[in-house]
Each structure stands twice: as C-alpha cells, then as structure tokens.
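Bear in mind that the values in this text are calculations on the coordinates, not laboratory data. Not measured: the values here are computed from a predicted model. Cβ coordinates were reconstructed from backbone atoms using ideal geometry, including for glycine residues, and neighbour counts include every protein chain displayed.
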Amino acid sequence: MKKARFFVTVLLIAVLAANAAGCAKPVKAAGLMSGISSKSVSGKTADLFFTESVAGFSIELFKASVSDRENSLISPLSVILALAMTANGADNETLKQMERVMGGGIPIAELNEYLYAYVKNLPNKNKSKLAIANSIWFNDSGNKLQVEKEFLQNNADYYQADAYAAPFDSRTLKDINNWVKSNTDGMIDNILTEISPDQIMFLINAVMFDAEWQNVYNKENVRKGDFTDINGAKHNVDFMHGTEGVYLDDGMATGFIKPYANGGYSFAALLPNEGVPIETYIDNLSGAGFLGVINNATSEMVFTSMPKFEYEYTKTMNDALQFLGMPDAFSAVQADFGKIGASPMGNIFISLVLHKTYISVDELGTRAGAVTMVAMTGGGMMSDPKVVNLDRPFVYAIIDNATNLPLFIGSLMTL
C-alpha cells in the first residue's frame, strides 16, 4: 500500500537546579530504579469532568500560545503528560496552581489515574499506531540532587518512566539525543545541543503516531488552487479535493472531520465564516465549545478541499502558562518542587518552557512532531451537500475519537 505517515511528539522537561529540567532514554547512564518497579494501578476511566477539564486546558493553552499572524501548532497531550510528571514533585501552592491549570483542580493523585487510563486506552493499530515513552535523567555529578523515591515510584507507576543517573557531560548529551531519535523513529534526531552545569534533571515524554487517512487522496484529486493567507496574499499551492461525511458548524465556522485508518483518530478542520477574522474565532474558542462542535457534528455530504502543508513552530510558553494560572512554578522564591528532591544549588523552579512542533499534511496522511523543554532553575447524506474549501486561514486538530480531545491543535495562517 502507500507509505504510512508519522505523527511524532517529544516532550522535554529540563529541570535546572540553578537552571533546568528534562528527561531521556539512556545508553550508558546508570539506572536509578533499583528497588523500584512499576506497580499495578487500576487507573480511572475518562469521564465528563476529566474530558471537559483537559479540553479546557488544551484550548486555553492553544489560545495563549498562538503567534500573531503566524502558523501555530501545539501538542496538549505532550504538555499535560510532562507537566503531570513534574507535578508529582510539586507541593503546596505550586502544586495547587499546576492542578488548576492542567485539570481544573483535579488532585495530582487522581489526575495520574485519569492520564494512566487515558493513555492506556488510546488506540494502537495497524496503519494507526501510537507509542508513548517516558524517562527521567538526573545529574549525578557533585551531589547536585538527592532524588525522592516516592517521586520516582509515582512516575514509574503511572507513566512507566525509567530514571537514570548521568554525569551530564558530552556522553550524556549523546545518550539523550539517541533516546529522542530512537523513540521518535528518527524523525527528531536531537533535542539538546549542550548541557549546562546548572541543569540537574531532564524528563522526556515521546509520543509517536503513525497514521494513514482512511481514504487517501488520489493524484487526480490534487489540483492547484489559491490560498489567501492572513495578510491577504495569494499562494498557488496543491489542494487535495475529496468528499467527507461529517459536517461541523458552530455558528462562527464550518468544517469537516476526516478520519484516519481504523477509526481511532480523526483530523478536524474549522474554517471561520466570511467576515469572521481567524483571530476573533480563536479568541472565542473554549474547551466546551470545541467539544460541542465535535459532539454535535452532523452526518452530511461535504465537498472539501484542503491545501497540502508543512511547517515548523517554536514557542516559548513561560508567559502562556503563567497567564493560565501557575506563576509560582516560575518563581525562584515561591516555587515548591521539594517532592522531586533537594539540591544544594538552591530552590528548584521552572526557568524556561520551550515548545517546538512540526507538521506535514498530504495525500497519504499526517506527519507531525513536537518537542517541549521545561528548564527549571534551582517544569447520512442530505439533499444539499455542504462545501468547505480551506482556502484561507483555518483551525485544525487531530483528535482521539473516543473522547474528542485534541492530541494536536493548530492554525494555518499562511503557506
């Protein structure tokens, strides 16, 4: 058949004692899991409260991360998994703020259970594969961090995260990048270019999604057309034309859902109505609204056209996360990550959250990747068919069909 498409996400949290946090998979690092193995946990099945809370986080993070007049793309799944692992080391007000931002106040112990069950139940089938890996690295040079066993145990139980001690030298740099390359099937070959002396911990979450369209576009369905970008300029590009059976309409935008193979995941596109600027549409988005438009989709014939597109996106998320309600985690004075461990270098706090993503959409499917680094200093057919031509800026998401939560969400402003 045709070559499968890859959807890859890597989430790096670089925890710095005087400057970072992150994680990776080892090559020659010493394991810290002696006496610690993943215990059997039952998890907690996603319910309406969890789904609405995570949808709210996803959409608000997207809104706070959108770059004015530029293409954007984030992976809420990666961000919440990385932040949840980090939150297992937080306490007091720092933890409360992180819990409110991530899950609407769901306690971290309960959120661990929800996320464990959610990830475990995400489909993983032929032509629509999903793999998630987690690991934690600690700087073992100079006794920079004494790690709490409970922190390691929680992340082993709920996130299957292995932990390793390493000198954070050039060999460790290679090991981390090799882990990233291995767990993204070579799509992302490195995440770090150097390790600074004040970095004490790395947590990495890697998500790899490999999916084909349920109905791929044939060559005769690809024709040139004009895409009018956010600045009004026209770009003559390849458009993929097709017919879908699910129509979206929330009053401010119309769109469609195009499923990937095996029915576990779908691509959802929302085109703001004529006269509705995309900035206005994004400003009015909400978690409940996003779930509502997906849940209220109608079975109607939709003639669609979508441009082939590919781009990268980089965003520093410090301001976005503080704006959403977790400022203490970024404060050298207020941050409380005592449950991670203790460092003689000083209080551990988040100094940088950097998110990098990549996406490619073409006739066969979707290929995308994301890297987030958190540096801590010290984390049915109708009679009238519908027509949706994505020939101007639009919002799109890749959703899990069971919950309709977005694994990735972005906006295409220009080509």
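Distances between placed amide hydrogens fall under 5 Å for Ala163 paired with Leu32, Met33, Ile136, all partners being 5 or more residues away or on another chain.
Once a ≥ b ≥ c are taken as the square roots of the eigenvalues of the Cα gyration tensor of segment 56-189, is the result rounded (a/c under 1.5), prolate (a/b larger than b/c) or oblate (a/b not larger than b/c)? Judged from the Cα gyration tensor, segment 56-189 comes out rounded (a/c under 1.5).
Based solely on its DSSP helices, what 222 nm [θ] is calculated for the chain when runs of n ≥ 4 H residues each add -39,500 (n - 2.57) and the sum is averaged over all residues, nearest 500 deg cm²/dmol? Could the numbers behind the result be given before it?
Details: 9 runs with 102 residues, N = 415.
The helix contribution divided over the chain gives -7500 deg cm²/dmol.
Please give the FRET efficiency for Arg100 paired with Ser299, using the beta carbon to beta carbon distance and R0 = 35 Å, rounded to the nearest 0.05.
On the way: r = 38 Å, r/R0 = 1.08.
Efficiency, from the Cβ-Cβ distance: 0.40.
Put a dot 7 Å past the Cα of Asp91, heading toward its Cβ, do the same for Ser42, and the two dots end up 2.9 nm apart.
In order along segment 185-194, phi translates into HN-Hα couplings of 6, x, 6, 10, 8, 7, 10, 10, 9, 7 Hz, rounded to whole numbers, per the Karplus curve 6.51 cos²θ - 1.76 cosθ + 1.60 with θ = phi - 60° and x for Gly and Pro. Each Lys and Arg adds +1 at its Cβ and each Asp and Glu adds -1 at its Cβ; summed about the Cα centre, segment 75-182 shows a dipole of about 660 debye.
Taking amide H as placed 1.01 Å from N in the peptide plane, Thr243 has its amide H under 5 Å from the amide H of Thr304, each at least 5 places away in sequence or on another chain.
For the chain, take the alpha-carbon Rg, divide it by the Kirkwood Rh, and send me Rg/Rh.
Values: Rg = 21.3 Å, Rh = 21.6 Å.
When Rh is taken as the Kirkwood radius, the ratio is 0.98.
Across segment 301-337, the residues whose backbone nitrogen lies under 15 Å from the label position 7 Å along the beta-carbon direction of Glu70 are 311-320.
Remark: spin-label model distance Ala233-Glu310 equals 2.0 nm, labels positioned 7 Å along the Cα→Cβ axis.
Less than 5 angstrom separates the built amide H of Gly369 from those of Val8, Tyr358, Ile359, all sequence-distant by 5 or more or on a different chain.
Once you order the gyration tensor axes a ≥ b ≥ c over the Cα atoms, which shape class does segment 152-208 get: rounded for a/c under 1.5, otherwise prolate or oblate by comparing a/b with b/c? Don't skip to the answer; put the middle values down first.
Values: a/c = 2.35, a/b = 1.11, b/c = 2.11.
Oblate shape, in that a/c is at least 1.5 and b/c is the bigger or equal ratio.
Put the Cα centre of segment 177-227 next to the Cα centre of segment 387-415 and the gap is 18 Å.
Across the alpha-carbon atoms of segment 187-293, the computed radius of gyration and Dmax are 19.4, 56 angstrom. The fewest-to-most ranking of Val246, Val293, Val54 by surrounding Cβ atoms within 10 Å reads Val246, Val293, Val54.
Let's see if you can work this out: charge +1 on each Lys and Arg Cβ, -1 on each Asp and Glu Cβ, no other charges. What is the dipole magnitude of segment 274-355 about its Cα centre, in debye to the nearest 20? Could you put the intermediate results ahead of the total?
Working: 3 positive and 9 negative charges, 64 e Å.
The dipole of segment 274-355 has a size of about 300 debye.
3J(HN,Hα) along segment 216-233, derived from phi through the Karplus expression 6.51 cos²θ - 1.76 cosθ + 1.60 where θ = phi - 60°, amounts to 6, 8, 7, 4, 6, 8, 10, 9, 5, x, 9, 10, 8, 7, 4, 9, x, 7 Hz, with x in place of Gly and Pro.
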